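Student: One structure follows; several queries about it will come next.
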Amino acid sequence: MRESGRILQKVLNATCARAKMGVTTRELDIFAESMIRDLGGEPSFKGYHGYPAALCTSVNEQVVHAIPSDYALKSGDIVGIDAGVYYRGFHTDACKTVIIGSAPPEVRFFVRVTKEALDQAIKQIKAGVAVGDISAAIQRVLERQGYSPVIECTGHGVGRQLHEEPDICNAGQRGTGPQLRAGMTIAIEPISAMGSGGIETLSDGWTIITRDRSLSAHFEHTVLVTETGAEILA
Ligand code: MF3
Ligand code: CO
C-alpha cells in the first residue's frame with residue numbers, strides 16, 4: 001500500500017498542477033489515467049460499479065463522484081480531484097480540492113477549513129482510538145466555521161478492496177464506533193458544504209450535488225494506523 005500510495009501521490013499532485021483555466025475535466029482524467037498506467041498501476045475507480053473514469057472531478061456545487069466531461073474549468077471554480085490507484089493487489093484513495101484562478105477570500109477560507117478538518121481528523125488517529133473520534137473532529141472543525149459536514153458520504157477502510165469496513169462518518173461522537181488497531185488502513189474524507197448539508201444525485205446516477213447548490217469541498221488521505229499515530233500513504 002505504501003507503493004500504491006506513492007504512485008497515487010505523484011499522479012494526484014501532477015493532475016492538480018494541470019488543473020488550470022480552460023482545461024477540461026476530461027483532459028485531467030486522460031492525463032491521470034495514462035500516468036497511473038505508466039507507473040504500473042490501474043485506476044481503482046474505472047469500472048467500479050460501472051464508473052466510467054479514473055477520476056472524479058467535482059466542480060463547485062458538485063459534492064463527489066462527478067464524471068469528467070467537456071466542461072472547461074474557469075477562474076473561481078473549485079474542483080475536487082479524487083483518484084484511486086490499484087497496484088499489486090492494493091488500493092489507495094485520495095482527493096484534493098483545487099481553486100482555479102482567483103476566488104473570493106470566503107471561498108478560499110472554506111476550502112482551507114475543509115483541509116483543516118482532514119488534518120485534525122488525522123491527528124486523532126492511533127491504535128485504541130474510536131472511529132467516532134475521527135468523525136467528531138471533522139464535524140467540530142467544519143461546524144465551528146458555520147459549514148456543514150456532508151454526512152451521506154463517508155470515509156472507509158481501504159486495502160484489497162477500495163471500500164472496506166469500517167465506514168467513517170463525517171460527523172459523530174467521540175468514543176463511539178469501532179476501535180482502530182495498528183495495521184488498519186483507512187481513507188479519511190471530510191466532505192463539506194458551505195451552506196446546508198443536504199444532497200441530491202443527478203440523473204447520470206453518479207454526480208452528487210448540494211441540494212441548496214452551495215459550494216462543496218473534499219479532501220482525502222489514505223492512512224495507516226500505527227501504535228502512536230498515523231502514516232499518510234496517499
Ligand atoms: N473517494 C471516493 C469514494 O470513496 C471514490 C469512489 S469513486 C467510484 O467514494 F467511482 F469509484 F465510486
Ligand atoms: Co474514498
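We did not get these values from a lab; they are worked out from the coordinates using the rules stated. All values derive from a computational prediction rather than experimental measurement. Using ideal geometry, Cβ is built from the backbone for each residue, glycine included, and neighbour counts are taken over all protein chains shown.
Student: If a residue has to be among the basic types (Lys, Arg) and either within 20 Å of Glu42 (Cβ to Cβ) or in contact with a Pro (Cβ under 7 Å, 6 or more places away or on another chain) (or both) to count, how many in the stretch 155-187 make the cut?
Tutor: 1
Student: If you don't mind, there's one more thing I want to ask. Considering Gly155, Gly177, Gly159, which residue is in a loop (DSSP other than H, G, I, E, B), under 22 Å from Arg2 (Cβ atoms) and of a type in the set (Gly, Ala, Ser)?
Tutor: Of Gly155, Gly177, Gly159, the one residue that is in a loop (DSSP other than H, G, I, E, B), under 22 Å from Arg2 (Cβ atoms) and of a type in the set (Gly, Ala, Ser) is Gly159.
Student: State which residue is nearest to the chain's Cα centre (by Cα) when the search covers only the stretch 123-155 and only residues that are touching a residue at least 60 places away in the same chain (Cβ under 8 Å) and within 16 Å of ligand 1 (Cβ to nearest atom).
Tutor: Restricting to residues being touching a residue at least 60 places away in the same chain (Cβ under 8 Å) and within 16 Å of ligand 1 (Cβ to nearest atom), the top hit is Gly155.
Student: Restricting attention to the stretch 92-136, which residues are in a helix (DSSP H, G or I), under 21 Å from Leu8 (Cβ atoms), in contact with a helix residue (DSSP H, G or I) (Cβ under 9 Å, 6 or more places away or on another chain) and not hydroxyl-bearing (Ser, Thr, Tyr)?
Tutor: Residues satisfying the conditions are Ala117, Leu118, Asp119, Ala121, Ile122, Ile134.
Student: Quick check on the stretch 34-48. Is at least one of its residues outside any strand (DSSP E or B), within 11 Å of ligand 1 (Cβ to nearest atom) and over 18 Å from the mean Cα position of the chain (by Cα)?
Tutor: Yes, the conditions are met somewhere in the stretch 34-48.
Student: State yes or no: is Ser102 of a type in the set (Ser, Thr, Tyr) and either out of contact with any Lys or Arg (no Cβ under 9 Å at 6 or more places or on another chain) or free of Cβ contacts under 8 Å to residues at least 40 places away in the same chain (or both)?
Tutor: yes
Student: Which residues, counting only those in the stretch 181-204, are more than 23 Å from Ile122 (Cβ to Cβ) and either within 11 Å of ligand 1 (Cβ to nearest atom) or touching a residue at least 24 places away in the same chain (Cβ under 8 Å) (or both)?
Tutor: Gly195, Ser196, Ile199, Asp204
Student: If I go through the stretch 198-234 residue by residue, how many of them are acidic (Asp, Glu) and assigned to a loop (DSSP other than H, G, I, E, B)?
Tutor: Total satisfying the criteria: 3.
Student: What residue, among those in the stretch 67-85 that are over 23 Å from Ser214 (Cβ atoms) and crowded, with 16+ Cβ neighbours inside 10 Å, is nearest to ligand 1 (Cβ to nearest atom)?
Tutor: Going through the qualifying residues, I end up with Gly84.
Student: Of the residues Val11, Val64, which is of a type in the set (Val, Ile, Thr) and away from ligand 1 (no atom under 13 Å from the Cβ)?
Tutor: Val11
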